[in-house]
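Everything on this sheet refers to the single structure shown next.
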Amino acid sequence: MTKSSLTSEPWRVGVLFSRTGFMSVIEETQLRGTLVAIDEINERGGINGRPIEPIIYDPGSDTRTYGHLAKRLMVEDGVSTIFGCYTSSSRKAVLPVVERLNGLLWYPTLYEGFEFSPNVIYSGATPNQNSSQLCSFLMKLYGKRFFFIGSDYIYPRSSNRIMREMVAKRGGSVVGERYVRLGASRLEFAPVMQEIKRLKPDVIFSTVVGDGTIYLYQAYADMGLDPKVMPIASLTTCEAEISAMGHDVGEGHLTAAPYFQGIGNASNEAFVVRYQKRYGTHAPTNMCLEASYFQVNVFAQTLEQANSLETPMLRSMVMGSDFDAPQGNVSINAFWGHADLWSRIGRANRNGQFDILLESKSTVKADPFLIGHGRSAGQASQA
Ligand code: ACM
């Protein structure tokens, strides 16, 4: 018998999501998804008789603080597994810490791809799982002239570079590209909206994140623009931001994501009921919350086999594993350490939910470097 099976000491893990600052609207939901999963596992008796104990810090939406707190978790709290981060800049701040100290970061957010670390499990979508499908959809339904608006950091800039190539490959063009600082105020979106009104693109592709998302869509509504003619399309705007901006403000705009609350499968319906029992019937679920939830479950089933929090052991055993997530069955791609996920496009409705317009027939294999791009995309079907 191993030493760990003789003890009832908790499995200590770190959790790093912002509950304060301009990223808290979405990161609070990621924290909740993480804690719901941990509580469910503990209610079932924990892992090999031992509960999971989260050590939770709030980085306050400050990029460098994620790095400092990751170090504190690993050095002072003796933790090697960390669940956390929304922005790619916060992930980049944690990366050197987990790589230097051989930790394992579980990252539950879509991102720009073009990264591979043996110390990260990526459970959010990469561009071949969302951008590619969104680009084709938009060009078919709305037109070829895109305007890009993003927050000024790595995810929007890299994501726009990729989207620009996808647009050009399909015969379209980018008529404007603007960035606002992370944490921008509502006023800062007005001039960009004026420019959009003047240029009249067919589609606005937004990579704005955090509170800025709310201000962007509100500035759009203030201009009296019509989403039926020129929607905002995004990879990040989900039920959490729609709820914060107002359902009427979000209505008609588009998002590509692996998960929406409205997915009609039994596993998701049960998940939404459990979540809302805890947080209230007006608390919507969303893609980042769902990824936070399923990655803890993937971790837990791996830990059950490994019976150890040693990073090399966990990492090698998680490769290729799968889980019946609310979005459908997902797996950790054994080659990339990124999740193979479903691809969907939704349009926000008056109830703050997304009507699903398109979904893949199976999971789309993770292809973070777009190596097999075009071949790995699961076929989409119009709903
Ligand atoms: C992101 O920064 N990965 C949304």
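The values are calculated or read from the model by the stated rules, or taken from the named source; none is laboratory data. Worth saying up front: this structure is predicted, and the values here are computed from it rather than measured. Please note: Cβ atoms are built from the backbone with ideal geometry, for glycine as well, and neighbour counts cover all protein chains shown. All accessible areas refer to the heavy atoms of the entire protein, side chains included, with ligands and DNA or RNA removed. Shrake-Rupley method; radii C 1.70, N 1.55, O 1.52, S 1.80 Å.
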> Only one of (1) in contact (Cβ under 8 Å) with a residue 24 or more places away in the chain; (2) under 26 Å from I41 (Cα atoms); (3) among the small types (G, A, S); (4) part of a helix (DSSP H, G or I) fails for A270. Which number is that?
Replying inline: (1)
>> Can you list the strands (runs of 3 or more DSSP E) lying wholly within the range 284-383 that have 3 or more residues being at pLDDT 95 or above and touching a strand residue (DSSP E or B) at 6+ places or on another chain (Cβ under 7 Å)?
In response: 328-332, 344-348, 354-360
>> Could you tell me how many of the residues in the range 221-264 are farther than 24 Å from S24 by Cα and of a type in the set (D, E, K, R)?
In response: 3
> Tell me, which residue of the range 312-357 that is in contact (Cβ under 8 Å) with a residue 40 or more places away in the chain and of a type in the set (G, A, S) is surrounded by the fewest Cβ atoms within 10 Å (Cβ to Cβ)?
Replying inline: G328
>> Every residue in the range 40-79 that is out of contact with any strand residue (DSSP E or B) (no Cβ under 9 Å at 6 or more places or on another chain), assigned to a helix (DSSP H, G or I), more than 21 Å from Q305 (Cβ to Cβ) and not hydrophobic (A, V, I, L, M, F, W, C), please.
In response: T63, R64, G67, H68, K71, E76
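Residue-by-condition table, conditions (1) crowded, with 24+ Cβ neighbours inside 10 Å; (2) modelled with pLDDT under 95:
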site	(1), (2)
E251	no, no
P258	yes, no
A266	no, yes
R274	no, no
K277	no, no
T281	no, yes
>> Can you tell me which condition S61 does not meet? The list is (1) open to solvent by 10 Å² or more (accessible area, probe 1.4 Å); (2) within 20 Å of A339 (Cα to Cα); (3) among the polar types (S, T, N, Q), and all the others hold.
In response: (2)
